[in-house]
Amino acid sequence: MNTGAFYPQQDDKVLWDRLREGDREAFGEIYRRYFPPLFSYCSRFTQDAGLVKDTLQDFFTDLYLRRQSLQTPDKPKSYLLVAVRRKLVRVLGKTPRSQELTDTEAPAFFLELSPESYLISRQNAALAERHVQQTIARLTLRQKEAVYLRFYESLSYEEIAEIMQLKAVKYARTLVYRALTELKPLLAGAETLLYSR
């Protein structure tokens, strides 16, 4: 069923309702709106872009085929992140034995600072970048994922807990807090590199 004129400014819940009714334009807008952030998120678990694209294509195909049985989620973005994460974990062969993954069970998660996130003088760029990446590498896989969801995707702690299948919201807060606590003194060294000459 196609309901005719469609506007990309529409609310996610309206799009979702239209998707459930079989509106292909609504499905297309959900796909356009969410494929890039889902691709970016999944790419943090594996650097195999082809695998990520295939997984997302399968995910969206399944979503469309199951559209009539879907409920309209309160937070569609969180729902999609939860669902695609589960699918990717299965594809990567790391199906969890329990609801909550430990760091040793969690799939790899790559977190890098974007080039815009810090300004580095040309002379110290390589040294400072290496220091920052080494600092981030010290975080646990779960901390990296929580930091990504909180600061790159701007999600609430409740959404992070749901996506990461944590037993309570406080665990999401703890992951982010501990990551920031670890990063603060280590990044002070990068700040020194940025301003030294």
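Is there a residue being polar (S, T, N, Q) and more than 18 Å from residue 165 (Cβ to Cβ) anywhere in the range 27-45? Give the derivation first.
First, pick out the residues of the range 27-45 that are polar (S, T, N, Q): 40, 43.
Adding the requirement that they be more than 18 Å from residue 165 (Cβ to Cβ) leaves 40, 43.
Within the range 27-45, one or more residues are polar (S, T, N, Q) and more than 18 Å from residue 165 (Cβ to Cβ).
State the number of residues belonging to the range 63-83 that are closer than 15 Å to residue 17 by Cβ, open to solvent by 60 Å² or more (accessible area, probe 1.4 Å) and assigned to a helix (DSSP H, G or I).
3
Look at the range 155-176 and say how many of its residues are β-branched (Val, Ile, Thr) and closer than 12 Å to residue 85 by Cβ. Outline the logic, then answer.
Going through the range 155-176, the residues β-branched (Val, Ile, Thr) turn out to be 160, 163, 169, 174, 176.
This time we only want the ones that are closer than 12 Å to residue 85 by Cβ, so: 160, 163.
The total comes to 2.
The values are calculated or read from the model by the stated rules, or taken from the named source; none is laboratory data. Given the structure is predicted, the values throughout are model-derived calculations rather than measurements. Glycine also receives a Cβ, built like all others from the backbone with ideal geometry; neighbour counts cover every protein chain displayed. Note: accessible area is taken over every heavy atom of the protein model, side chains too, but ligands, DNA and RNA are not part of it. Shrake-Rupley method; radii C 1.70, N 1.55, O 1.52, S 1.80 Å.
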